[in-house]
1. I'd like the orientation of helix 21-32 relative to the chain: the angle between its Cα long axis and the longest Cα principal axis, in ° from 0 to 90, rounded to 10.
2. Let me know the shape class of the stretch 155-211, please: from the alpha-carbon gyration tensor, a ≥ b ≥ c as square roots of the eigenvalues, rounded when a/c is under 1.5, otherwise prolate if a/b is greater than b/c, or oblate.
3. With the chain treated as a Gaussian network of Cα nodes joined by springs under 10 Å, which of 108, 58, 118 yields the largest mean-square fluctuation?
4. Could you give the length gained by full extension between residue 89 and residue 159, i.e. 0.36 nm per residue of separation minus their alpha carbon distance, to one decimal place?
5. Which number comes out as Rg/Rh for the chain once both Rg and the Kirkwood Rh are worked out on C-alpha atoms?
6. Once the piece of chain linking residue 199 and residue 174 is laid out straight, how much longer is it, given 0.36 nm per residue of separation minus the C-alpha distance between them?
7. What nm distance separates the two modelled labels at residue 68 and residue 210, each placed 7 Å from Cα along Cα→Cβ?
8. Based on alpha-carbon centroids, what's the gap between the stretch 148-172 and the stretch 53-83 in Å, whole number please?
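Please treat every number below as a calculation from the coordinates, not as lab data. Since the model is a prediction, treat every value here as computed from it, not as a measurement. Positions of Cβ are backbone-derived with ideal geometry, glycine not excepted, and every protein chain shown enters the neighbour counts.
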């Protein structure tokens, strides 16, 4: 009864060509975590497992997030449950110093390290994000940095001088104002014009807004 309930959460992986079981498991992990450097896949069985195009592998939902797991193998009328473990490493950014909330991430306050794969719960930041994201919480030195810890820098910061585009009749006007709120693309924020009046404007670029 327990096995039947357990199997309900398995996802099928259909083989496109004959593979060994370690190769098939490695392929499943590489498809879901392409940044993994897989060194070996260890199978906990003495059975002679042969896979062909008719074989189907079924993994538990998001099994790739864990180093160890169980795979169900369906081949003709046979069904097997095999335990395995994946030996791999991957690179991630950690805080190279204690970071307060709102800190811009750069090469100076982060460090790229290689760690053994045990489990992965949250998506990690990558090199291209440095210089364009800031922390949303306090991070201790050495903490791995995930997407949950950062946010994209706003295109408009509070108190920033912005270029305001608006239409008066058929005439396009451009004037300056001060953002009273921060915002990203498409956000509606309040801007104070140089005459002291407040208007609502939509963020359309870096320090650029337009009146709808």
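1. 10
2. Because a/c hits 1.5 or more and a/b fails to exceed b/c, the stretch 155-211 counts as oblate.
3. 108
4. Values: separation 70, 0.36 × 70 = 25.20 nm, distance 4.44 nm.
That works out to 20.8 nm of additional length.
5. Numbers: Rg = 26.0 Å, Rh = 21.4 Å.
Answer for the chain: 1.21.
6. On the way: separation 25, 0.36 × 25 = 9.00 nm, distance 1.39 nm.
Taking 0.36 nm per residue and subtracting the Cα distance, the gain is 7.6 nm.
7. According to this spin-label approximation, the distance is 5.8 nm.
8. 51
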